[in-house]
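Colleague: This structure is in structure tokens; I'll ask about it shortly.
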Amino acid sequence: VDSISVRDDGRGMPVDRHPELDVPGVALILTRLHAGGKFGTGTYRFSGGLHGVGVSVVNALSQRLEVEILREGRRWTLACEHGEIVEPLADAGPAPGRRTGTYVRFWPAASYFDSPRIAPARLRHALKAKAVLCPGLTVTLTEEREQRVEQWCYQGGLPAYLAERLGEVEAVPVPAFAGSERGEAGAVEYALCWLPGGDEPVAESYVNLIPTPLGGTHVNGLRTGLVEALREFCEVRGLLPRNLRLAPEDVFDRLAYVLAVQLHEPQFAGQTKERLASREAAAQVAGQVKDAFALYLLQHTAEGEAIAALAIERAQSRQRAARKVARKRVTAGPALPGKLADCVTTDPRRAELFLVEETRPAAVPGRRATGSSRRSCRCGARS
């Protein structure tokens, strides 16, 4: 069975006894739901939400879990099996050097999973994202089976990460438009650019270091801020053709972005936290992005006009497609006879026009005529 081990150089999990429950802090963290330190107001500035079931669930679903803690000059050990403590917290002597931190290793219980094998690709992406979102933090992944070591440290934050992901792909602008703002309500950081060549864009969003692959209100706020700022720029510069209005999809269609927000009490659409549902995030992100992007466009008019041209081209394509659909609905009439078919091509060299005349039977003497002859014109494909 595969195992995963995690080592950090922090202060180390608490080993002192809980004043009310009279158990070591690390034992409480590993075996009790909702016992995370993030429930306090002074421990973390931002946390991943208020579920508090992370490591305790990992412990419950593990065949075995081992912990080693280096704290205040001492080395402590503890072990669990299937969620129950089998080796209580013990003082294993002095810590080597002046090191501090926590080492956790666990073996998933095969009976709970379709496969106990670890997926390296997903783990690699998650660890890399942590390095991206914490500039200066060094994250190392060691795959013992493959004898491979990877390390990530992004001093440049989101812009450096986005540039690495895009590689040599043509982008506008270069370097990417990026911004960061912190306040009492939280923080917003982003890097984005447009891809004229139609390449597959990068679309990643995070909340308090948690990936949100299904987006949510923070991504909606990003879209709103960009659209409003670009609309204003186009109006000021007189770039929009007559009777054309930019829609959100025109601006967001070719956008590559990485968005990270920090919120005090994030609300997610489900336990898996794949979509943010906090309403205040939309207005917060939209306001900050709009102001920053509007200023950028005024200071970089060449890049702004290139971005506007991409959005206008997309809007015109959308408008032409809508007219085609409307024209087809107008010209569509009753079904043609079986030997004919509706024309689906726009090339006149591949189509043929059929004139069909329909006449009424001659009127019977003594009876009033019920109608007159009728002519219709339909276009059908040549057989």
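Colleague: Of H264, T217, G198, which is farthest towards the positive pole of segment 190-295's charge dipole, taken about the Cα centre with +1 and -1 on the beta-carbons of Lys, Arg and Asp, Glu respectively?
Modeller: T217
Colleague: Of all the accessible heavy-atom surface of segment 139-210, with the other protein chains kept in place and a 1.4 Å probe, what percent is carbon and sulfur?
Modeller: Heavy-atom surface of segment 139-210 belonging to carbon and sulfur, 1.4 Å probe: 45 percent.
Colleague: Let me ask something additional. I need the trypsin sites (Lys or Arg not before Pro) found in segment 178-254, filtered to DSSP loop residues with at most 11 other beta carbons within 10 Å of theirs.
Modeller: Within segment 178-254, the qualifying trypsin sites (Lys or Arg not before Pro) (loop, at most 11 other Cβ atoms within 10 Å) are R242, R245.
Colleague: Further question: Of all GluC sites (Glu not before Pro) in segment 63-166, which ones are in loop regions per DSSP and have a Cβ with at most 12 other Cβ atoms within 10 Å?
Modeller: When the GluC sites (Glu not before Pro) of segment 63-166 are filtered for loop state and at most 12 Cβ neighbours within 10 Å, E72, E144, E146 remain.
Colleague: I need to check one value: relative contact order of segment 141-257, counting alpha carbon pairs closer than 8 Å and at least 6 residues apart, in percent.
Modeller: RCO, segment 141-257: 24 percent.
Colleague: Same structure, new question: Between D16 and V86, what is the label-point separation in nm under the 7 Å Cα-to-beta-carbon projection?
Modeller: The two pseudo-label positions are separated by 3.2 nm.
Colleague: Then there's this: Count neighbours as other Cβ atoms within 10 Å of each site's Cβ, and list the chymotrypsin sites (Phe, Trp or Tyr not before Pro) in segment 53-113 that are DSSP loop with at most 15 such neighbours.
Modeller: Answer in residue order: F113.
Colleague: How many angstrom separate the Cα center of segment 291-326 from the Cα center of segment 148-220?
Modeller: 21 Å
Colleague: Now for a separate question. How large is the charge dipole for segment 136-275, taken about the Cα centre, if only the Cβ atoms of Lys, Arg (+1) and Asp, Glu (-1) carry charge, to the nearest 20 debye?
Modeller: For this selection, approximately 380 debye.
Colleague: Next up: Taking square-rooted eigenvalues a ≥ b ≥ c of the alpha carbon gyration tensor, is segment 43-142 rounded, prolate or oblate, where a/c under 1.5 means rounded and, failing that, a/b exceeding b/c means prolate?
Modeller: oblate
Colleague: Turning to a different aspect of this structure: Per residue of segment 21-30, in order, report the coupling 6.51 cos²θ - 1.76 cosθ + 1.60 (Karplus, θ = phi - 60°) as ³J(HN,Hα) in whole Hz, putting x for Gly and Pro.
Modeller: Calculated HN-Hα couplings, in order: 8, 6, 10, x, x, 5, 5, 5, 4, 7 Hz.
Colleague: Turning to a different aspect of this structure: How large is ³J(HN,Hα) for each residue in segment 76-86, as worked out from phi by the Karplus curve 6.51 cos²θ - 1.76 cosθ + 1.60 (θ = phi - 60°), to whole Hz, x for Gly and Pro?
Modeller: So the J values, rounded to whole Hz, are 10, 10, 7, 9, 10, 9, 6, x, 10, 6, 10.
The values are calculated or read from the model by the stated rules, or taken from the named source; none is laboratory data. Quick caveat, the model's predicted, so the values are computed rather than measured. Neighbour counts run over all protein chains shown; Cβ positions are idealised from the backbone, glycine included. Keep in mind that these areas ignore ligands, DNA and RNA; they rest on the heavy atoms of the full protein, side chains included. Shrake-Rupley method; radii C 1.70, N 1.55, O 1.52, S 1.80 Å.
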